[in-house]
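J.: I'd like to ask some things about the structure below.
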Amino acid sequence: MGLAMKRDDEFIRELLFEFEASNDLYLIAHVSQSASDDDKKRYLHAELLCDAGFFEAVNKGLYRMTNQGYDYLEVIRDNSIWEKTKSGAELIGGATLGILKELAVAYAKDAAKTKLGIDLG
């Protein structure tokens, strides 16, 4: 049968963490006709990260994280904010990566207000 090509937001988060933890300048994600389902999923999600502006393709199968990608990773790093972000997306019936980022930023701003007494708007 094959892999269902649905976007997996948890996998996207894992790819961002994987890239950050790596000593490499680039994330490698390539696909061929005989690629495994895991390779296809990795490639698809790297391309989706490019579509969202979080990654940039620098060569076939090589990706670098953009500043926007690092910003997104920073706001979804905290597990509590990530769980709230996913729950918020479920409550509204799903979300684009852009909306996920906006939700995460809103939850991070709320945490700043609660923990630091600073209203970031």
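The values are calculated or read from the model by the stated rules, or taken from the named source; none is laboratory data. Here the structure is a predicted model, which means the values were calculated and not measured. We place every Cβ from the backbone using ideal geometry, glycine too, and count neighbours over all the protein chains shown. Please note that ligands, DNA and RNA were not included when accessible areas were found on the heavy atoms of the full protein model with its side chains. Shrake-Rupley method; radii C 1.70, N 1.55, O 1.52, S 1.80 Å.
J.: Please identify the pairs in which a residue from segment 20-32 that is farther than 15 Å from N59 by Cα has its Cβ atom under 8 Å from the Cβ atom of a residue that is of a type in the set (A, V, I, L, M, F, W, C), counting only partners at least 6 apart or on another chain.
T.: Once the first residue is farther than 15 Å from N59 by Cα and sits in segment 20-32, its partners that are of a type in the set (A, V, I, L, M, F, W, C) give E20/M65; E20/L73.
J.: Follow-up question, since we're still on this one. Kindly evaluate Y43 against the criterion of being part of a helix (DSSP H, G or I) and open to solvent by 70 Å² or more (accessible area, probe 1.4 Å).
T.: yes
J.: Please pick out the residue among E90, E102, E83 that is closer than 22 Å to M5 by Cβ, surrounded by fewer than 17 Cβ atoms within 10 Å (Cβ to Cβ) and free of Cβ contacts under 8 Å to residues at least 24 places away in the same chain.
T.: Result of the check over E90, E102, E83: E90.
J.: OK, next. When segment 70-80 is examined, which residues are found to be part of a helix (DSSP H, G or I) and open to solvent by 30 Å² or more (accessible area, probe 1.4 Å)?
T.: Y70, D71, E74, N79, S80
J.: May I pose another question? Here are the criteria: (1) acidic (D, E); (2) touching a Lys or Arg at 6+ places or on another chain (Cβ under 7 Å); (3) modelled with pLDDT under 95. Tell me which single one E56 does not satisfy.
T.: (3)
J.: Can I ask one more? Just need a number here: residues in segment 41-58 that are among the aromatic types (F, W, Y) and within 15 Å of L73 (Cα to Cα).
T.: 2
J.: Let me ask you something else. Does G53 satisfy being out of contact with any Leu (no Cβ under 8 Å at 6 or more places or on another chain), open to solvent by 50 Å² or more (accessible area, probe 1.4 Å) and on the phi > 0 side of the Ramachandran plot?
T.: Values: out of contact with any Leu (no Cβ under 8 Å at 6 or more places or on another chain): yes; open to solvent by 50 Å² or more (accessible area, probe 1.4 Å): no; on the phi > 0 side of the Ramachandran plot: yes.
Taking the combined requirement at face value, the residue does not satisfy it.
J.: Another question, then. I'm checking my understanding of the structure. Among residues of segment 1-40 that are among the hydroxyl-bearing types (S, T, Y) and either closer than 22 Å to I76 by Cβ or assigned to a helix (DSSP H, G or I) (or both), which one is most open to solvent (accessible area, probe 1.4 Å)?
T.: The selected residue is Y26.
J.: A follow-up question, please. In this structure, does T96 turn out to be closer than 26 Å to M5 by Cα, open to solvent by 70 Å² or more (accessible area, probe 1.4 Å) and β-branched (V, I, T)?
T.: It is true that T96 is closer than 26 Å to M5 by Cα, open to solvent by 70 Å² or more (accessible area, probe 1.4 Å) and β-branched (V, I, T).
J.: In addition: Which of the numbered conditions does D110 fail, given that it passes all the others? Conditions: (1) open to solvent by 60 Å² or more (accessible area, probe 1.4 Å); (2) part of a strand (DSSP E or B).
T.: Against the list (1) open to solvent by 60 Å² or more (accessible area, probe 1.4 Å); (2) part of a strand (DSSP E or B), D110 comes up short only on (2).
J.: Right, something else. Quick one: is G98 modelled with pLDDT under 95, part of a helix (DSSP H, G or I), within 19 Å of C50 (Cα to Cα) and out of contact with any Ser or Thr (no Cβ under 9 Å at 6 or more places or on another chain)?
T.: So G98 passes the test.
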